[in-house]
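The values are calculated or read from the model by the stated rules, or taken from the named source; none is laboratory data. Here the structure is a predicted model, which is why all the values come from computation and not from measurement. Here the Cβ positions follow ideal geometry from the backbone for every residue, glycine too, while neighbour counts run over all protein chains shown. Calculation scope for accessible area: heavy atoms of the full protein, side chains included, ligands and nucleic acids excluded. Shrake-Rupley method; radii C 1.70, N 1.55, O 1.52, S 1.80 Å.
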Amino acid sequence: MKKLATLLLMSTILFSSCVKVETPNPGFNIVELIYSDNLDKDDSANHKNGTKDPYLDKWDGYKNATGSGAASVTYTGQYVVTSSSYTSSAYPGASGMNAFCFLQANRYVLIDNIKLPENISGNSFLVRLGANISGTFTDNSTIILYVVSEGTEYPVTYSSKRYGTWNYCTAHFKIQGTIPSDISLKLYSTAAWARVDDISLSLVAGEASQTLQFPIKEAPEALKTPYFECPEILAPSSSYKQIRHYATTYSSKKQVRNYSACYDIQRHNPLWVAFPMHSIWHEGGRTRPAPDPWRPDPEMAESEQSIIYPAKWDEWAYSTDAKWPKDMDTQRWTKLENGEFPGRGHMLASSYRGAGSKSVLFEMNVQTFYPTNVYPEYYKYPKMHGNIEKALYDNWACSDTVYVVVGCWYDDNPVILRDANWGTDTEASKDCQVPAATYRVFLRTKSGNSGKAVNTCTPDELTAIGFWFEQSPWVKNDDESIDQTVTIRKVSVRTVADIEKKIGGSFSFFPDVPAAVKSS
């Protein structure tokens, strides 16, 4: 018995030493596996709808992608199922089990969002896949291979070698032009019941004779300001103090910028506040805490900012019916000539950074109650700025980011109020200049869903608008009611370029977009 076992073992060793074992990528020096999927994470036979194999867009349990660029890969297809009938076999690396099967002719599979390495210098690309058809398989005809980038399809030729009923296809190519951050692979079948499996994309050493000519793109110029919404200061002043506040989003818990500000520490009021608008910034809805969390900006000294917050701002307790005790809420600006107190006007609205709950402090919302973000408000036509504030949230927000600057303009005949005051000055009271007007400028893509950074857009893809709001005692009718009949288009709408000129060229808004966008 032992002799028989020994003979069998020796025969096995001798037989295996005579068999030629092929490697999956003979003749290529693999630098990096970018993407590979054998489609075999789970057997599709376990997920049939009756006798029908699952469509690839209805079940993705097959997905088993690996490689440096595979993390975000998605699959789409037309009349394509994941099937474990006629499994792949014989060719190098054939995985068996699942394969994509085209139920009809002239259908495709798109493997989208394959991330490419940052440096491919001196290297080329290799695509490999197994393919099967009942009948004659013709290279570059039965299955047509495309590389897809930014909506353009680049046909790639390949050669194949027959292994039983399956063909092992190899495409070797290089890319010239600007290398994108990601590409897609499209497999188009001209025949019904064709199958593909074991699809891979690798970076290989050396050049290739087949070239895909991508467009040559100039790298975007460095931003003139840290973020697209930030104005460029054209006339610096020692009285300007720039501040940026960061906070954590309400539900996704991401650390993001909240707003940037330029504050005039001599006027003791803001020059502008710039902020982005996108769904991540208003995950907390529009809820405002009760009572309002007025407090000093920790980035400024008390002598630099308007003292328009309670003297004991850090001693409150929150509840659904909480109100400030009158002896605590005693610091605001003095009254205007008409005998009325100006409002404490938010530049970045509290509702744009909702707190989620009235009884809970949420840092992103609390920061909107800093003096950095607040100015003495007494509009000539008070409803207009409110309508624009509401329109941004309700009508203009989109899947692309909207960039906003809200600013104050001070004329040469200033209205001066005193802060830290409720009828009587305190030791901390000081002069605060009231803006003669405020403005709002907005920038976004026209489509709202481009997914592009604004400095990579053409002028035709962008849109911008400005609004100018005069501050003065209300314009009233004969019956003392406030005149609200004048239209916003008649008295308020401006181009962004107009507003830049109107404030004396001190700031350039959205400096990283073409001038034509700001002039229309």
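Some points to look at:
- Against the empirical curve 2.2 N^0.38 Å, the C-alpha radius of gyration of the chain lands at a ratio of 1.39.
- Residues in segment 176-189 carry Karplus couplings, in order, of 10, x, 7, 6, x, 6, 8, 9, 10, 10, 10, 10, 10, 9 Hz; the curve used is 6.51 cos²θ - 1.76 cosθ + 1.60 with θ = phi - 60°, and Gly or Pro positions show x.
- Normalising the Debye intensity of segment 324-394 to I(0), with uniform scatterers on Cα atoms only, and taking log10 at q = 0.28 Å⁻¹ returns -1.26.
- For segment 108-142 and segment 47-93, distance of Cα centres in Å: 15
- Ordering Asn132, Gly27, Asn413 by Cα displacement along the dipole of the chain toward the positive end leaves Asn132 in first place; charges were set at the Cβ atoms of Lys, Arg (+1) and Asp, Glu (-1).
- Å³ per residue enclosed by the Cα convex hull of segment 42-127: 126
- Relative contact order (%) - the chain, alpha-carbon pairs under 8 angstrom, separation at least six: 12
- For segment 175-227, the calculated P(r) over all alpha carbon pairs, in 5 Å bins from 0 to the bin holding the longest distance, is 4, 10, 15, 18, 15, 13, 10, 7, 4, 2, 2, 0 percent.
- Taking the charge dipole of the chain about its Cα centre, with +1 at Lys and Arg Cβ atoms and -1 at Asp and Glu Cβ atoms, the residue from Tyr375, Gly77, Ser303 reaching farthest to the positive side is Gly77.
- Cross-link partners of Lys502 among aspartates and glutamates, defined as those whose alpha carbon lies under 17 angstrom from its own and excluding same-chain residues fewer than eight positions apart: Glu232, Asp411, Asp412, Glu470.
- 0 to 90° range, to nearest 10: angle between helix 2-18 axis and the chain longest Cα axis: 70
- Euclidean distance between Cα centres, segment 237-280 to segment 386-402, Å: 18
- Estimated FRET transfer efficiency when R0 is 60 angstrom, pair Ala105-His278 (beta carbons, to 0.05): 0.85
- What the phi angles of segment 33-42 give under the Karplus curve with 6.51, -1.76 and 1.60, with θ = phi - 60°, is a coupling list of 7, 8, 8, 7, 8, 8, 6, 10, 4, 9 Hz, glycine and proline written as x.
- Once the chain from Asn395 to Ala90 is taken as fully extended at 0.36 nm per residue, the excess over their C-alpha distance is 103.9 nm.
- Evaluated over segment 96-221, the Cα radius of gyration and Dmax, each in Å: 15.2, 55
- Surface analysis of the chain yields an accessible area of 48 Å² per residue, using protein heavy atoms and a 1.4 Å probe.
- Principal axes of segment 276-426: Cα extent on each, largest first, Å: 49, 41, 28
- Counting 0.36 nm for each residue step from Glu470 to Ala71 and taking away their Cα separation leaves a gain of 138.4 nm.
- Approximate spin-label separation Ala516-Ala311, in nm, with each point projected 7 Å along Cα-to-Cβ: 6.0
- Here the mean projected area of the convex hull built on the C-alpha positions of segment 338-435 is 8.8 nm².
- Apportionment of accessible area to carbon and sulfur, the chain, percent (1.4 Å): 50
- Nearest-ten-degree value, helix 382-391 long axis tilted from longest Cα axis of the chain: 10
- Amide H to amide H distances under 5 Å link Gln78 with Tyr108, where only residues 5 or more positions off or on other chains count and H is placed in the peptide plane.
- Extending 7 Å from the Cα toward the beta-carbon at both Asn113 and Glu461 defines two label points whose distance is 1.9 nm.
- A cut-off under 11 angstrom between Cβ atoms defines the neighbours of Ser202, and their net charge, with Lys, Arg +1 and Asp, Glu -1, is 0.
- When shorter helices are ignored and each DSSP H run of at least 4 residues is given -39500 (n - 2.57), the per-residue value for the chain at 222 nm works out to -2500 deg cm²/dmol.
- Leu223-Tyr55 FRET efficiency (beta carbon distance; Förster radius 51 Å; 0.05 resolution): 0.70
- Dipole size of the chain about its Cα centre, with +1 on Lys/Arg Cβ and -1 on Asp/Glu Cβ: approximately 1660 debye, rounded to the nearest 20.
- Candidates per GluC sites (Glu not before Pro) in segment 128-220, loop by DSSP, up to 14 other Cβ within 10 Å: Glu150, Glu207, Glu218
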